[in-house]
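The values are calculated or read from the model by the stated rules, or taken from the named source; none is laboratory data. Worth saying up front: this structure is predicted, and the values here are computed from it rather than measured. Note: ideal-geometry Cβ built from the backbone for every residue, glycine included; neighbour counts use all protein chains shown. All accessible areas refer to the heavy atoms of the entire protein, side chains included, with ligands and DNA or RNA removed. Shrake-Rupley method; radii C 1.70, N 1.55, O 1.52, S 1.80 Å.
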Amino acid sequence: DLSDDELSKIVAGCDAVVQCLGHTITFRGIYRDPHRLVADSAKHLSAAIESANADITGNKKIKFVVMGSDGVSNPDGTDDVRSRSERIILSLLRKLVPPHADNEATAAYMSHDLAKDNVKKLEWVVVRPTDLIDGQVSDYVVYDKPQGGLFGAGVTTRANCAKFMVDLVLADGGGSSLWTEHAFKMPVVHDAACATEKKDETK
């Protein structure tokens, strides 16, 4: 494990920091320590970014992009209220599957502790893909909240999720850029082809 000072030295001089951590889908990965891998890493990284840039003057903000999940609701309350059955499922996941609770803790930390008024040197985006699959890069669409139900609402290739994150990092930080549109938010990314199919099914 890196100390806070070591982590600060690593992120010093970076324009963007991207966190793509998750638990391996094995018994050990799900039920053994660290149960708060994602949340604790987000805390340490955000503190390191603030510390490494504390003496830098000007309005420049460091971009902090974190991988999330659309199975986790935005703590700011802007997502649609899920059905009763889905709320029961999520409650069970929260108690029985530590990685889900970890993702929820990460979202809560980003939304509350790293709220816009609480940070000086960074801006963040939590990218929430829907059901992840392998596949090639293609067009993607971005929503401000999850679409449809908890299951079968769409798919996102890992390549497209990565592409969206790269696009965020490379976007200009001013005006009406992709970054400015999503800073301090938790956008949901879908493959465009799947989104089109879903739209056709509702006609």
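Amide H contacts of LEU122 (H built 1.01 Å from N, in plane; Pro and chain starts excluded): ILE62 sit under 5 Å, all sequence-distant by 5 or more or on other chains. Antiparallel DSSP bridges in the chain: what percent, to the nearest 5? Of the beta bridges lying entirely in the chain, close to 20 percent run antiparallel.
Express the accessible area of the chain per residue in Å², computed with a 1.4 Å probe while the remaining protein chains stay in the model. Walk me through the numbers before you get to the answer.
Working: 11470 Å² over 203 residues.
Value for the chain: 57 Å² per residue.
If eta is 1.567 mPa s and T is 4 °C, what Stokes-Einstein diffusion coefficient results for segment 1-136, Kirkwood Rh from Cα pairs, in µm²/s? Please list the in-between numbers first.
Details: Rh = 16.2 Å.
Estimated diffusion coefficient is 80 µm²/s.
Contact order, relative form, for the chain: 23 percent (alpha carbon pairs under 8 Å, 6 or more residues apart, mean separation divided by residue count).
Note that segment 129-135 has calculated 3J(HN,Hα) couplings of x, 8, 4, 7, 9, 7, x Hz, one per residue in order, obtained from phi through the Karplus relation 6.51 cos²θ - 1.76 cosθ + 1.60 (θ = phi - 60°); glycine and proline are x. Against the chain, whose longest principal axis comes from its Cα atoms, helix 37-52 is set at around 30 degrees.
Label positions at ASP76 and ASP172, each projected 7 Å from the Cα along the C-beta direction, are separated by 2.3 nm. What is the angle, in °, between the Cα long axis of helix 192-201 and the longest principal axis of the Cα atoms in the chain? Nearest 10 is fine, range 0 to 90. Its long axis makes an angle of about 30 degrees. For the chain, a simple Cβ point-charge model (Lys and Arg +1, Asp and Glu -1, everything else neutral) yields a dipole of about 380 debye relative to the Cα centre. Here the 3J(HN,Hα) profile of segment 143-158, calculated from phi with Karplus coefficients 6.51, -1.76 and 1.60 at θ = phi - 60°, is 10, 8, 7, x, 10, x, x, 5, 10, x, 7, x, 9, 9, 5, 4 Hz, Gly and Pro shown as x.
Say R0 is 22 Å: what FRET efficiency, to the nearest 0.05, do ARG28 and ASP1 get from their beta-carbon distance? Working shown, then result.
Working: r = 18 Å, r/R0 = 0.82.
The computed FRET efficiency comes out at 0.75.
Distant-in-sequence amide contacts of VAL18, defined by a placed amide H-H separation under 5 Å and a gap of 5 or more residues or a different chain, comprise VAL65. Mind giving me the FRET efficiency for ASP113 and GLU181? R0 is 25 Å, r the Cβ-Cβ distance, nearest 0.05 is fine. Result of the calculation: an efficiency of 0.65. Of the solvent-accessible surface of segment 117-184, computed with a 1.4 Å probe and all protein chains present, 51% belongs to carbon and sulfur.
Taking amide H atoms as placed 1.01 Å from N in the peptide plane, the amide H of VAL155 lies under 5 Å from those of ASP191, each 5 or more residues away in sequence or on another chain.
The residue list ASN103, ALA115, SER91 was ranked by how far each Cα lies along the charge dipole of segment 68-132 toward its positive end, using unit charges on Cβ atoms, and SER91 comes out on top. Taking label positions 7 Å along the Cα-Cβ direction at both ALA54 and ASP15, the computed distance is 2.6 nm, reported to one decimal.
How long is the gain from ILE133 to HIS35 if the chain were fully straight, where each residue apart is worth 0.36 nm and the alpha carbon distance is subtracted?
On the way: separation 98, 0.36 × 98 = 35.28 nm, distance 2.42 nm.
That pair, ILE133 and HIS35, stretches by 32.9 nm at full extension.
Per-residue Karplus couplings for segment 15-26, computed as 6.51 cos²θ - 1.76 cosθ + 1.60 with θ equal to phi - 60°, are listed in order as 7, 8, 10, 10, 10, 10, 9, x, 8, 5, 7, 9 Hz, Gly and Pro entered as x.
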